[in-house]
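Working notes, beginning with the structure itself.
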Amino acid sequence: MIEIVTEVDLFHPPARIWRALTERALLAKWFADSAPGSDRWILATAALPGYDGDTEVETVELRAPHRLVVRCREAGRATRLACDLTPTAHGTRLSVREVLEEGDWDADARADQHEQAVTGRLPAILDWLAFQNVDLRRAEGGLTAELPVVRLLGEEHRRSRRRPVLLAAGAVTLIAAAAGATVWTTAGEPPAPAAPAPTTSLVMPSSATPSVRPTTARPTPSASRRSASPSPTPSPTPSRTPSPTPSTVVAAPLTATYETVTDRIFGYRGEVVLRNPGPAPRPAWTVTVTLHDGATVGSVSGAEATQDGTVVTFTGSALPGGEAATIRFDVRDPDPSHDAPAACTTENTPCTPA
């Protein structure tokens, strides 16, 4: 039997740690997303280093907020994972124990993944949750109700110890196997607000047709004024060339799809694909994205962007008929539960999921 054990002291109460281990929205930020269920559910671990597929998780024991035991099955491997939370004078001691019951694994690599998860990504979520509870009012001259400990991910500042007998953060709605902590930050201030772009008219005129005047044939004089013939030559009947009727082309409405291509702890990267289904070109276009409160847009490709409060307006140049334009943009959002904008539209038409 192979066992991996990792222990770490965290400056947070057990209830807060329990939330990060069991709430789906928080778990997805530092480990992997999960399909909802009761006693059984699926963790999306197939794309994580050290995993060969998604993990099926079954709850064995649940005593909130102190003990969680699950059984995990993934690619022919079965493990039993136990998480114990013990209150300490300064927070909580988290002990994670994983035992290999079937199959095989690289115990050293598994232990490294486990330690990086509980000392890197997990503390980042806990620090954010703690900040939400800080009472910054000092009207009575006292200290804040709680001061969160802010640390850099990966910094060797927490006391962790691994026993010689190993146990890795297998699956469960908690322990991350992702190698290394990843927190996305982008330097720079958000762009200055700008007036929203004017709405593009849906009726596009055809290329300018020059004005055509009617043509009238002039009478032809007789061949000779001294002709002996008394009868005059009749004038030809005037002819009129009709003017061409101007044509108007109605441009087809633009369509757009949205997809979150990268999900981070405090933000995400979004992608909007804008399509012109009609034959007529569009000389200009606008896509509007509404972010959540406190979120800001960072780097943008494929369009010009301006932000006014929570509304980000993307504008672009001509889009030929039958072609598409792709916009990618990074968003910084202080709420880790957000992984997409609140709304996305083009010409008042909502974007559809990609």
Review point. Does residue 145 satisfy being among the small types (Gly, Ala, Ser), part of a helix (DSSP H, G or I) and modelled with pLDDT under 85?
Key: no
Check your understanding: Here are some conditions: (1) at pLDDT 90 or above; (2) surrounded by 16 or more Cβ atoms within 10 Å (Cβ to Cβ). Residue 2 meets all but one. Which one does it not meet?
Key -> (1)
Check your understanding: Tell me, which strands (runs of 3 or more DSSP E) lie completely within segment 54-104 with 2 or more residues that are crowded, with 18+ Cβ neighbours inside 10 Å and among the hydrophobic types (A, V, I, L, M, F, W, C)?
Key -> 67-74, 77-88, 91-102
Point to revise | Residue list for segment 5-38, filter: crowded, with 20+ Cβ neighbours inside 10 Å, in contact with a helix residue (DSSP H, G or I) (Cβ under 9 Å, 6 or more places away or on another chain) and under 22 Å from residue 340 (Cβ atoms) | key: 20, 26, 27, 29, 30, 31, 34
Review point. In this structure, does residue 337 turn out to be of a type in the set (Gly, Ala, Ser), closer than 30 Å to residue 132 by Cβ, open to solvent by 20 Å² or more (accessible area, probe 1.4 Å) and assigned to a strand (DSSP E or B)?
Key: no
Exercise for review: Mind listing whichever residues of segment 289-304 are part of a strand (DSSP E or B), within 27 Å of residue 28 (Cβ to Cβ) and in contact with a Ser or Thr (Cβ under 7 Å, 6 or more places away or on another chain)?
Suggested key: 290, 298, 299
Practice item. Of all residues in segment 267-311, count the ones that are of a type in the set (Phe, Trp, Tyr) and within 25 Å of residue 323 (Cα to Cα). Key: 1
Practice item. Could you please find all residues in segment 319-354 being at pLDDT below 90 and over 16 Å from the mean Cα position of the chain (by Cα)? Key: 347, 348
Exercise for review: Report the residue count in segment 251-288 for those that are of a type in the set (A, V, I, L, M), within 12 Å of the chain's Cα centre (by Cα) and not in a strand (DSSP E or B).
Suggested key: 1
Exercise for review: Output the residues belonging to segment 305-314 that are of a type in the set (A, V, I, L, M, F, W, C) and outside any strand (DSSP E or B).
Suggested key: none
Check your understanding: Can you name the condition, by its number, that residue 292 falls short on among (1) out of contact with any strand residue (DSSP E or B) (no Cβ under 6 Å at 6 or more places or on another chain); (2) of a type outside the set (Lys, Arg); (3) within 15 Å of residue 347 (Cβ to Cβ)?
Key -> (3)
Revision key, fill the gap. Within segment 2-53, the residues that are in a loop (DSSP other than H, G, I, E, B) and without any contact (Cβ under 8 Å) to a residue 40 or more places away in the chain are 23, 33, 36, 37, 38, 39, 44, 46, 47, 52, 53
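The values are calculated or read from the model by the stated rules, or taken from the named source; none is laboratory data. Note that the structure is a prediction, hence the values are computed from the model and not measured. A quick note on method: Cβ atoms are made from the backbone with ideal geometry, for glycine too, and the neighbour counts reach across all protein chains shown. For accessibility, only protein heavy atoms count, side chains too; no ligands or nucleic acids. Shrake-Rupley method; radii C 1.70, N 1.55, O 1.52, S 1.80 Å.
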